[in-house]
1. Could you list, in sequence order, the residues of the range 148-177 that are more than 30 Å from residue 322 (Cβ to Cβ) and either among the polar types (S, T, N, Q) or in contact with a Cys (Cβ under 9 Å, 6 or more places away or on another chain) (or both)?
2. Scan the range 24-44 residue by residue and report those that are out of contact with any Ser or Thr (no Cβ under 8 Å at 6 or more places or on another chain), among the aliphatic types (A, V, I, L, M) and not in a strand (DSSP E or B).
3. Any chance the range 241-264 includes a residue that's charged (D, E, K, R), in a helix (DSSP H, G or I), touching an Asp or Glu at 6+ places or on another chain (Cβ under 6 Å) and at pLDDT below 95?
4. When you check residue 211 against the structure, is it farther than 27 Å from residue 72 by Cα, touching a strand residue (DSSP E or B) at 6+ places or on another chain (Cβ under 7 Å) and in a helix (DSSP H, G or I), yes or no?
5. Quick check on this structure: which one of 155, 166 is crowded, with 23+ Cβ neighbours inside 10 Å and not in a helix (DSSP H, G or I)?
6. For the subset of the range 332-355 comprising residues that are without any contact (Cβ under 8 Å) to a residue 24 or more places away in the chain and hydrophobic (A, V, I, L, M, F, W, C), which member is farthest from residue 190 (Cα to Cα)?
7. (1) at pLDDT below 95; (2) of a type outside the set (Lys, Arg); (3) outside any loop (DSSP other than H, G, I, E, B); (4) surrounded by fewer than 20 Cβ atoms within 10 Å (Cβ to Cβ): which one isn't true of residue 357, the others all being true?
8. Residue 223: over 24 Å from residue 330 (Cβ atoms), buried (at least 24 other Cβ atoms within 10 Å of the Cβ) and under 14 Å from the mean Cα position of the chain (by Cα), yes or no?
Amino acid sequence: MQQVEVKLPEKAYPIYIEKGLFAQVGVLVKRQWPKIQQVALISDTNVTPLYAAQIRAQLSDAGFKVYLYTVTAGEASKSLGTASSLYDELLGDGFTRSAGVIALGGGVVGDLAGFVASTYMRGLAFIQIPTSLLAQVDSSVGGKTAVDLPAGKNLVGTFYQPDAVLIDPATLTTLSQRYLVEGYAEVVKMAAIASVDFWQLIEQIPNVAAITSHAEALIKASVAFKARIVMADEKEGGLRQILNFGHTFGHAIEAGAQGALAHGEAVSIGMVTLTQCFEHAGLSPVGTTAKLRHQLAAVGLPLTSALIGQPDFYARIARDKKNRGGRVNMIYLKAIGTPVVYPLALTALPEFVTHNLLEAQ
């Protein structure tokens, strides 16, 4: 079994990666939680029919009393209202601070369950079992939890590290092609900012089928890189900002699309259009955008959006929680594997995009 260790000043935890790992969930969770007896298994309407019975049986066999809570699949469940409903269910079932929460699902379930675990009675033990590629390579690692507000994504949340992350790449076979590819956009992001070696691994993915055949290597490389960044900057005070490559534009595009774009699809557009801007401005090397385009287009990811440059596009960026003092920190590539933070005044952003992207097209 492949294992990545996350070692932080106040906590260390393992990330296990192995095809077929679901057959060992009970043993692995018991190893982490020898004194816990009561477990809340939080999943959604897509994942519960696929895996909840198997995981619940594993946990029960290991001696846990398991309560399954299923939320409606989709971003709309990542809300204060859904969190409040889960608090009520936990209270009704007698959950105390000696219990644990397990997230079984994709990024929405992981963010929501993590937020509930971190806030219910000031914190319960928490384990991530991500079932989507997006969650396996990104959102399950690093301790970010959040729910959305009408004004934007992830505006209410905590930093709350899990006790373990259990990743079984076999779950990717139940994803639709669209959502497998969506997760791959985050892998491309990781490779672009990580290293030339990781990028060379990405260049071995000429089509969608290759994502699945290389899944374990892609997941391991992504998780190892993100773990290294999180260990250096747990709460995004500096270096961890580079993980937002493509996200400044991507989040605004995703919100503006009103459900028509998945997160990874919006990030794909964000990476390409942002890199176009910086290449035109002479800060990213000529050909960098073409490299990104080639890898993303090979699996059918979108590369552009008519939403860029609209008034609402800039308004959404202005509301982003990462902005400080009227400035937005954008991440560009000085080279593959060399990300750079570029602070820009929000008032200067429309001219920057218009000159370097819209007029250059």
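1. 171, 173, 174, 176, 177
2. 25, 27, 28, 29
3. Narrowing the range 241-264 to residues charged (D, E, K, R): 254.
Going one step further and asking which of them are in a helix (DSSP H, G or I), we end up with 254.
Retained after the next criterion (residues that are touching an Asp or Glu at 6+ places or on another chain (Cβ under 6 Å)): none.
Scanning the range 241-264 turns up no residue that is charged (D, E, K, R), in a helix (DSSP H, G or I), touching an Asp or Glu at 6+ places or on another chain (Cβ under 6 Å) and at pLDDT below 95.
4. no
5. Being crowded, with 23+ Cβ neighbours inside 10 Å and not in a helix (DSSP H, G or I) holds for just one of 155, 166, which is 166.
6. Per the stated criteria, the residue is 348.
7. (4)
8. So residue 223 fits the description; yes.
The values are calculated or read from the model by the stated rules, or taken from the named source; none is laboratory data. These numbers come from a predicted model, not from an experiment. Glycine gets a Cβ as well: all are built from the backbone with ideal geometry, and neighbour counts include every protein chain shown.
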